[in-house]
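**Student:** Here it is: the structure, laid out below.
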Amino acid sequence: MNIENYRLLAGLIAAHPQRQVVGRTRLQKEVRLLQRCGFPTDYSYTIHFYGPYSEALQADIGLLEAFGLVHERDDVSQDGNRYYILRAEPTAALPETDAFDGQISLLNEAPTVVLELAATYDAFRESGSDHEEALTRLRRKKGSKCDSGNLEKALELLAALHLQAT
């Protein structure tokens, strides 16, 4: 366990509006993309069903909850899907996250499906795929999630984060 990861994860959640992040998938993808922007955590990711996933990050959420810095509660959406809300205590806030306020805001405003596509495309690129191959792999893995302008929004998000998208 890297104590800096643990501390910075709590600070990241606290840096969101109302000190909360709605959705584990959202948090996973935000941390992955923020790391690529220089956020000083070092979580390892593997490609999972929803794209890049870090078991260590998920374990750290449990530790943050055990220590009372973050509280996680589950809820059910109108369509019957379960989701989680992570809320940080005020004491979790860190000045180290201030330098990433712009990126956190961009990520927070993006729909979760756009984050999922952006993080997955970026992971494919980082693993050596060129732009066209990453798009092909993304479309194969995510199917209809790439429709309705979501893929274009994901690439725009990566460009706004200054992560190479082409």
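**Student:** For the structure I just gave you, tell me whether A119 is at pLDDT 95 or above, touching a Lys or Arg at 6+ places or on another chain (Cβ under 6 Å) and either closer than 19 Å to L34 by Cα or not β-branched (V, I, T) (or both).
**Tutor:** yes
**Student:** What about S148, is it free of Cβ contacts under 8 Å to residues at least 24 places away in the same chain, buried (at least 16 other Cβ atoms within 10 Å of the Cβ) and over 24 Å from Y6 (Cβ atoms)?
**Tutor:** On the way: free of Cβ contacts under 8 Å to residues at least 24 places away in the same chain: yes; buried (at least 16 other Cβ atoms within 10 Å of the Cβ): no; over 24 Å from Y6 (Cβ atoms): yes.
Spelling it out, it is not the case that S148 is free of Cβ contacts under 8 Å to residues at least 24 places away in the same chain, buried (at least 16 other Cβ atoms within 10 Å of the Cβ) and over 24 Å from Y6 (Cβ atoms).
**Student:** Now for a different question. Run down L138, L106 and say which single residue is at pLDDT 95 or above and surrounded by 20 or more Cβ atoms within 10 Å (Cβ to Cβ).
**Tutor:** Unique residue meeting the criteria: L138.
**Student:** Something else: Could you tell me how many of the residues in segment 22-43 are over 20 Å from D98 (Cβ atoms), surrounded by 24 or more Cβ atoms within 10 Å (Cβ to Cβ) and of a type in the set (V, I, T)?
**Tutor:** 0
**Student:** Would you check if H131 is in contact (Cβ under 8 Å) with a residue 60 or more places away in the chain and over 27 Å from G62 (Cα atoms)?
**Tutor:** Values: in contact (Cβ under 8 Å) with a residue 60 or more places away in the chain: no; over 27 Å from G62 (Cα atoms): yes.
Criteria not met by H131.
**Student:** Right, another one. Considering only segment 63-166, give the helices (runs of 4 or more DSSP H) lying wholly within it that have at least 2 residues that are more than 15 Å from A15 (Cα to Cα) and basic (K, R).
**Tutor:** 131-142
**Student:** Give the residue, chosen from Q78, Q103, Q164, that is more than 18 Å from the chain's Cα centre (by Cα) and polar (S, T, N, Q).
**Tutor:** Q78
**Student:** Same structure again: Taking L8 as meeting all but one of (1) within 16 Å of Y84 (Cβ to Cβ); (2) at pLDDT 95 or above, write down the number of the exception.
**Tutor:** It is condition (1) that L8 fails.
**Student:** Next question. Answer yes or no: is there a residue in segment 92-100 that is over 17 Å from the mean Cα position of the chain (by Cα), closer than 16 Å to H16 by Cα and surrounded by 19 or more Cβ atoms within 10 Å (Cβ to Cβ).
**Tutor:** yes
The values are calculated or read from the model by the stated rules, or taken from the named source; none is laboratory data. Note that the structure is a prediction, hence the values are computed from the model and not measured. Don't worry about glycine lacking a Cβ; one is built from the backbone with ideal geometry, like all the others, and counts go over all protein chains shown.
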